[in-house]
Amino acid sequence: MSGTETETAARQGWMGLLARAPAARLAALMAGRALPDFDWLRVPETGGVMLRGRTGGTGAPFNLGEMTVTRCTLRLASGETGHAHVMGRDRAHAERAALVDALMAGPRAAEIRAEVLEVLAAEEAARRHDRAAKAAATKVEFFTMVRGE
């Protein structure tokens, strides 16, 4: 992978993490931080997107349904641009996610990665582990006995 592809993959990773993060948790992690001034390039706006699916992951695509999303774009006073797309109608969540995205392009990237993104990633991993453990507790093991041998 080239440097640009690696950077793109990393950015996709943290933007997805920010979109999946609980809005209240992101707000708590961002509270008390000195946030830079910014200008809106696209104010938070709510709309809908069509979700598409494929049977078995490989079949013919079909329209699964619609989902509400909020998106925005901002530019920090220092010139970095941040984008966000989040599920639902939470404009503040979209704004915070875009701020984190913009801050990750500047000199505070290491601080934001350690104090926001890594915390969110660890919490998401813990939620997934808990959900998997609950599902595993209900798993039924079947076996077949062979007669006559």
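Within the stretch 27-45, restricting attention to residues that are assigned to a strand (DSSP E or B) and among the hydrophobic types (A, V, I, L, M, F, W, C), the residue that is farthest from LEU103 (Cα to Cα) is VAL43. Comparison of ARG75, ARG96 shows that the only residue that is open to solvent by 20 Å² or more (accessible area, probe 1.4 Å) and in a helix (DSSP H, G or I) is ARG96. Restricting GLY56, GLY48, GLY106, GLY65 to residues that are within 19 Å of LEU29 (Cα to Cα), out of contact with any Lys or Arg (no Cβ under 8 Å at 6 or more places or on another chain) and either modelled with pLDDT under 95 or assigned to a strand (DSSP E or B) (or both) narrows the list to GLY106.
If you check ALA9, ALA24 for being within 16 Å of the chain's Cα centre (by Cα) and more than 18 Å from LEU103 (Cα to Cα), only one passes: ALA24. Any residue in the stretch 6-15 that is within 24 Å of ALA126 (Cα to Cα) and aromatic (Phe, Trp, Tyr)? The answer is yes; a qualifying residue exists. For VAL69, the conditions (1) over 19 Å from ARG89 (Cα atoms); (2) under 19 Å from the mean Cα position of the chain (by Cα); (3) in contact (Cβ under 8 Å) with a residue 12 or more places away in the chain; (4) open to solvent by less than 70 Å² (accessible area, probe 1.4 Å) all hold with the exception of (1). In the stretch 40-64, how many are over 23 Å from MET87 (Cα atoms) and either surrounded by 10 or more Cβ atoms within 10 Å (Cβ to Cβ) or β-branched (Val, Ile, Thr) (or both)? Of the residues in that region, 2 qualify.
When the stretch 1-39 is filtered for residues that are touching a His at 6+ places or on another chain (Cβ under 9 Å), open to solvent by less than 50 Å² (accessible area, probe 1.4 Å) and not small (Gly, Ala, Ser), the ones remaining, listed by number, are LEU18, LEU26. Here is a check on your reading of the model: is GLU141 surrounded by fewer than 18 Cβ atoms within 10 Å (Cβ to Cβ) and in contact (Cβ under 8 Å) with a residue 24 or more places away in the chain? For GLU141, the condition - surrounded by fewer than 18 Cβ atoms within 10 Å (Cβ to Cβ) and in contact (Cβ under 8 Å) with a residue 24 or more places away in the chain - is not met. Scanning the stretch 16-70 for residues that are under 28 Å from ALA122 (Cβ atoms) and touching a Cys at 6+ places or on another chain (Cβ under 7 Å) yields one hit, PRO44.
Within the stretch 27-54, residues that are touching a residue at least 12 places away in the same chain (Cβ under 8 Å) have Cβ atoms under 6 Å from residues that are assigned to a loop (DSSP other than H, G, I, E, B) and open to solvent by 70 Å² or more (accessible area, probe 1.4 Å) in these pairs: PRO36/ALA77; ASP37/ALA77; THR46/ARG89, counting only partners at least 6 apart in sequence or on another chain. Only one of the numbered conditions (1) assigned to a helix (DSSP H, G or I); (2) of a type outside the set (S, T, N, Q); (3) surrounded by 10 or more Cβ atoms within 10 Å (Cβ to Cβ) is not met by VAL86, and that is (1).
The values are calculated or read from the model by the stated rules, or taken from the named source; none is laboratory data. Computed from a predicted structure; not experimentally measured. Backbone-built Cβ (ideal geometry, glycine too); neighbour counts: all protein chains shown. Quick note on the areas: whole protein, heavy atoms, side chains included, nothing else; ligands and nucleic acids left out. Shrake-Rupley method; radii C 1.70, N 1.55, O 1.52, S 1.80 Å.
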